[in-house]
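Peer 1: I'd like to ask you about the structure that follows.
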Amino acid sequence: MPDLLFELFSEEIPARMQERAADDLKRLVTQKLVDAGLDYQAAAAFATPRRLCLSVVGLPARSPASRSERRGPRADAPEKAIEGFLRAVGLRRDQLETRETKKGAVLFAIQEQPGRDVADILAEVLPDVIRNFPWPKSMRWGRGTLRWVRPLHSILSILSKEDGAQPVVFDIDGLRSGATTEGHRFMDPKTFAVHSFEDYESRLRAHHVILDTHERAGRIWQDAGTAAFAQGLELVEDKALLAEVAGLVEWPVVLMGDIATDFLDLPGEVLQTSMREHQKFFSVRNPKTGRIEKFVTVANRETADQGATILAGNQKVLFARLSDAKFFWENDLRVPLAEMAAKLAHVTFHNKLGSQADRITRIAALAREIAPRVGADADMAEQAARIAKADLASEMVYEFPELQGVMGKYYAKKAGLPDEVAAACEEHYRPLGPGDQVPSAPVSVAVALADKIDTLTGFWAIDEKPTGSKDPFALRRAALGVIRLVLENGVRIGLKDAFSLGHAEADRVNLLTFFHDRLKVYLREQDIRHDVIDACLALPSNDDLVLLVKRVRALGDFLASDDGENLLQGFKRANNILRAEEKKDGVFYEGAPEVRFAEDEAERALFAALDQAEASLGPALEAEDFAAAMRALAALRAPIDAFFTAVQVNADSQIVRRNRLCLLNRIRDVMGRVARFEKLEG
Amino acid sequence: MAKGNKPRCFQDVILRLQSYWAGKGCAILQPYDMEVGAGTFHPATTLRSLGSRDWAAAYVQPSRRPTDGRYGENPNRMQHYYQYQVLIKPSPPDLQALYLGSLQAIGIDMDLHDIRFVEDDWESPTLGAWGLGWEVWCDGMEVSQFTYFQQVGGHDCTPVSGELTYGLERLAMYVLGVDHVMEMPYNDPDAAIALSYGDVFLQAEQEYSRYNFDIANTDALLKHFEDAEAECRAILSNPVQDPKTGKHIVMAQPAYDQCIKASHLFNLLDARGVISVTERQAYIGRVRALAKSCADAFIQTAAAGADAA
């Protein structure tokens, strides 16, 4: 069974595109092979900075022959109909077959496709995949019309069998596929021929190219870790950087270098960010001091001087970069935070929402109001809010926007501000996503809530709500942040009240609905059904999310129990009858039922049970003990069941019938104090 | 290249690049005689990358970026610096190898250094241009930009030009092992009158930094901007048939000069801090509109390969 080896050799492919491109190559080629009737045993794709490679193992030598049959018109159909059919199938009249069917003699077109040689199929499939490859960005070069991620230099495509390899030859935009590839750009820039995937992989290795990204990443991680460990240090994990660096080299060589002592006092985050963003260096930490003290760079080659020149060059570039960072750090420390914050008066936040300074003033006022509800000191919350975003005007954050908040924390500490205030600078941006940690320090929580509520009410006030997939101001994330801050810290706050502290023009009802939608998404991930949430949303205080979720969880638990399940059925029966009769009679049976009109024991028992349940519900709801409330409802299950067994609601006596309908209404009312059961499914 | 054969001064680096690219068949042009922000603005790049005519040119271009002025104090940031620019159309298949040869020519030993092509796509909003390519790293330092032009002035580039841009001061400092640009030898350090880069440019950096940041008359600059914009449009509004000579003369290049002027005036206004964030986009859009009109005009000319009318 032949195996395919296919390599596209080009100028340097952006690291971030390589993995996806390898996946696409595999998917597109194998899909077309299967479509052509060629099943295969296994396929694997690889990427390096200069090549995409696909290996498909166990292809058949030929695609299977196929036979298709198409039913046409009756043999005695009008000439025009038969001509149309002949045109459609591309045959002559004498090539059709006539068969007797229940409907008489009918014409059939039988077409047989012989199997095709796998090499012929590949010679069509491969150029087609190249021409239509889904690069995120592609280009032309020279006089060509072909598009590829960067200029494509050669194509290797061979079918290998036990008795040798055969090239799959095709031309594309002046390039002819062949059986050769090239080694490492600098260490082994030779062209060589290969005859199988194993041969290709081992020759590449001999020519200083490691084909598999994961092997390159593994080698980098291991060598860097070993180098650090040998000096009693540890490598700072950075998976994204590792993946990127593995996409920048074909022959990784790890070099560890020193960070000049002048820079060791810079915040670790600054060293790490500068080295990662500008130089793609890994950070190496000293576990004893907790400081970043060295770096690891990954070169793409070995050299006669064991990388000494390369390391010296990298070290020099790092020195210049960190000199800049140190310059920013020292300049920033000279500026009092209040002065930094004042500069934000000239920075626009949004043209309809004023400057960053305006925004900070609003957040500070809000944080003050929110503080007592989260157990924070109001003065401290306000102070924290006033400086929490000051670092946006710092030189360091201008250079490294990802350090916002982190720098504020350092500058606040250096200024001798309370720890709570410094922590709030960093933490008030949180949570940044569903997986990010939620702050729990009261001052941080107050500022984080104030920040997000100001943003949400602000954008609601100017009608810039998220639509569909568009959410340019990350308002969904802000709402989820409020939800998590409130729930995880048990913050008792009415959101509508909180909104009223923000922008007055915001449509608070609409914003609350937006929050409820986000809450449903959040709770769905915890396997809570949306109808359970809907059943609770219709009750008062639905803007107190802690209360709301307590109710939702209790109801969910109750419905999962036998009592809950049965009570729901009893409720539905009562509700259905009541609704149907109300509709028929055109009235609402909202009057109080009277026990004196009860005719049956089961009926009287239900009256008693409802009285009892109501009496228990009051204190349970007062205490927000929803489990107890559910238990009180559970006691209704048996009397309701017994009532329906014993009693015909539609009695002959109008008085009795009316009384019974009012009794059903009372069931709905009593249960409705806990949740709107009619919103539940099932 | 032997290790002893390293350049010894700034001009040596320039001369070696000139002779290298001359040897590879490029026309060695001189700087364009106008203030530009980058070598790309030279008509030998912007305009010549349009149309179907083949082209190969290399040149030094003094470049001005008023906002980068640091009074000559920053080790490598200045409001005036040199770029070395190479443009070859169509881009030859061995452009990467040619480029690496140029690094060797200025004394970078390919066996000892780590050269990397790191993704960096180029876009010039003022020229309505973009291309794909890399920044080239030597031992972690960016030494050049390498771009395959895809679009200029809103027109698809067919054929595609390959563009190389070297930041000469930074590259030379690296090759010469100098830490501060002003200390870099400009001519032969053993010459009777040895001059450093600072001897030549330090005073100018101070003068222009002060002028650009604090003195430039913004009202006059705004007026000049409007004038250049109007002149560009006026030039292009003329009929292509010259009534005096009776010849077909599209005035794309004089119009493009006005576009270059407008672009530099915008940069000066930006350095004076009188352009707000929202206005900024509008000004860039106005310069882009001019660049586009000039490109539209240029592709009708013989230099772009159009049939002479």
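Peer 1: Please go through region A:526-545 and pick out each residue that is aliphatic (A, V, I, L, M) and surrounded by fewer than 17 Cβ atoms within 10 Å (Cβ to Cβ).
Peer 2: A:Ala538, A:Leu539
Peer 1: Still on this structure: Identify, by number, the condition in (1) loosely packed, with under 15 Cβ neighbours inside 10 Å; (2) assigned to a loop (DSSP other than H, G, I, E, B) that A:Lys572 doesn't meet.
Peer 2: That leaves (2) as the condition not met.
Peer 1: Here's another thing I want to ask about it. If I filter region A:284-307 down to residues being away from chain B (no Cβ under 14 Å) and either assigned to a helix (DSSP H, G or I) or in contact with a Gly (Cβ under 7 Å, 6 or more places away or on another chain) (or both), which single residue comes out as surrounded by the most Cβ atoms within 10 Å (Cβ to Cβ)?
Peer 2: A:Ile292
Peer 1: Write out, first by first residue and then by second, each pair whose Cβ atoms fall under 7 Å of each other, whose residues are 6+ apart or on separate chains, and whose first residue, in region A:132-143, is in the same structural domain as A:Gln18 (by TED's automatic domain parsing) and aromatic (Phe, Trp, Tyr) while the second is assigned to a loop (DSSP other than H, G, I, E, B) and surrounded by 13 or more Cβ atoms within 10 Å (Cβ to Cβ).
Peer 2: Every condition considered, the pairs that remain are A:Trp135/A:Val149; A:Trp141/A:Pro151; A:Trp141/B:Ser91; A:Trp141/B:Val160.
Peer 1: Wholly within region A:188-281, which helices (runs of 4 or more DSSP H) include no fewer than the required count, namely at least 1 residues that are under 36 Å from the mean Cα position of the chain (by Cα) and not assigned by TED's automatic domain parsing to the domain that holds A:Glu7?
Peer 2: Output list reads A:213-229, A:239-246, A:268-274.
Peer 1: Among A:Phe229, A:Phe281, A:Phe263, A:Phe192, which is surrounded by 15 or more Cβ atoms within 10 Å (Cβ to Cβ) and farther than 24 Å from B:Asp111 by Cα?
Peer 2: The conditions single out A:Phe263.
Peer 1: If we keep just the residues of region B:89-134 that are charged (D, E, K, R) and crowded, with 19+ Cβ neighbours inside 10 Å, which is farthest from the other protein chains (Cβ to nearest Cβ)?
Peer 2: Ranking the qualifying residues of region B:89-134, first place goes to B:Lys89.
Peer 1: Having 3 or more residues that are within 26 Å of B:Gln258 (Cα to Cα) is the bar; report the strands (runs of 3 or more DSSP E) wholly within region B:44-163 that clear it. Don't jump to the end; show me each part of the working.
Peer 2: On the way: elements: B:55-64, B:80-89, B:115-119, B:122-124, B:129-138, B:141-152.
Filter on region B:44-163 gives B:55-64, B:80-89, B:122-124, B:129-138, B:141-152.
Peer 1: Something else about it: Give the residues of region A:593-627 that are hydrophobic (A, V, I, L, M, F, W, C), open to solvent by 20 Å² or more (accessible area, probe 1.4 Å) and closer than 13 Å to A:Arg660 by Cβ, sorted by residue number.
Peer 2: Within region A:593-627, A:Val595, A:Phe597 qualify.
Peer 1: Only one residue in A:Ala478, A:Ala504 is more than 24 Å from A:Arg676 (Cα to Cα) and surrounded by fewer than 15 Cβ atoms within 10 Å (Cβ to Cβ). Which one?
Peer 2: Numbers: A:Ala478 fails: surrounded by fewer than 15 Cβ atoms within 10 Å (Cβ to Cβ).
Answer to the selection: A:Ala504.
Peer 1: Another question, if that's okay. Working only within region B:164-173, note down all residues that are within 12 Å of chain A (Cβ to nearest Cβ) and either surrounded by fewer than 21 Cβ atoms within 10 Å (Cβ to Cβ) or part of a strand (DSSP E or B) (or both).
Peer 2: Passing the criteria: only B:Arg170.
Peer 1: Here is a follow-up. Any idea which of B:Val86, B:Val36 is more than 22 Å from A:Gly142 (Cβ to Cβ), surrounded by 18 or more Cβ atoms within 10 Å (Cβ to Cβ) and either touching a strand residue (DSSP E or B) at 6+ places or on another chain (Cβ under 7 Å) or within 13 Å of chain A (Cβ to nearest Cβ) (or both)?
Peer 2: B:Val36
Peer 1: While we're on this one: Mind listing whichever residues of region A:150-177 are in a strand (DSSP E or B), among the small types (Gly, Ala, Ser) and open to solvent by 20 Å² or more (accessible area, probe 1.4 Å)?
Peer 2: A:Ser154, A:Gly164, A:Ala165
Peer 1: Same structure again: Looking at B:Tyr211, is it within 23 Å of the chain's Cα centre (by Cα), more than 14 Å from chain A (Cβ to nearest Cβ) and surrounded by fewer than 22 Cβ atoms within 10 Å (Cβ to Cβ)? Step through it out loud before you land on a result.
Peer 2: Details: within 23 Å of the chain's Cα centre (by Cα): yes; more than 14 Å from chain A (Cβ to nearest Cβ): yes; surrounded by fewer than 22 Cβ atoms within 10 Å (Cβ to Cβ): yes.
In short, yes.
Peer 1: Note down all Cβ pairs under 8 Å where the first residue falls in region A:33-49 and is within 21 Å of A:Arg16 (Cβ to Cβ), the second is of a type in the set (Asp, Glu) and open to solvent by 10 Å² or more (accessible area, probe 1.4 Å), and they're at least six residues apart or on different chains.
Peer 2: So the pair list comes out as A:Ala45/A:Asp23; A:Phe46/A:Asp212; A:Ala47/A:Glu19; A:Pro49/A:Glu12.
Peer 1: Does B:Ala289 satisfy the condition of being in contact with a strand residue (DSSP E or B) (Cβ under 6 Å, 6 or more places away or on another chain), away from chain A (no Cβ under 14 Å) and within 23 Å of B:Thr45 (Cβ to Cβ)?
Peer 2: So B:Ala289 fails the test.
Peer 1: Does A:Phe9 count as within 14 Å of another protein chain (Cβ to nearest Cβ) and part of a strand (DSSP E or B)?
Peer 2: Judged against the criteria, A:Phe9 is a match.
Peer 1: Does region A:122-145 hold any residues that are open to solvent by 20 Å² or more (accessible area, probe 1.4 Å) and within 14 Å of chain B (Cβ to nearest Cβ), and which are they?
Peer 2: Listed by number, the residues that qualify are A:Trp135, A:Pro136, A:Lys137, A:Ser138, A:Arg140, A:Trp141, A:Arg143, A:Gly144, A:Thr145.
The values are calculated or read from the model by the stated rules, or taken from the named source; none is laboratory data. Please read all numbers here as calculations on a predicted model, not as lab measurements. Note: ideal-geometry Cβ built from the backbone for every residue, glycine included; neighbour counts use all protein chains shown. Areas reflect the complete protein model, heavy atoms only, side chains present, ligands, DNA and RNA absent. Shrake-Rupley method; radii C 1.70, N 1.55, O 1.52, S 1.80 Å.
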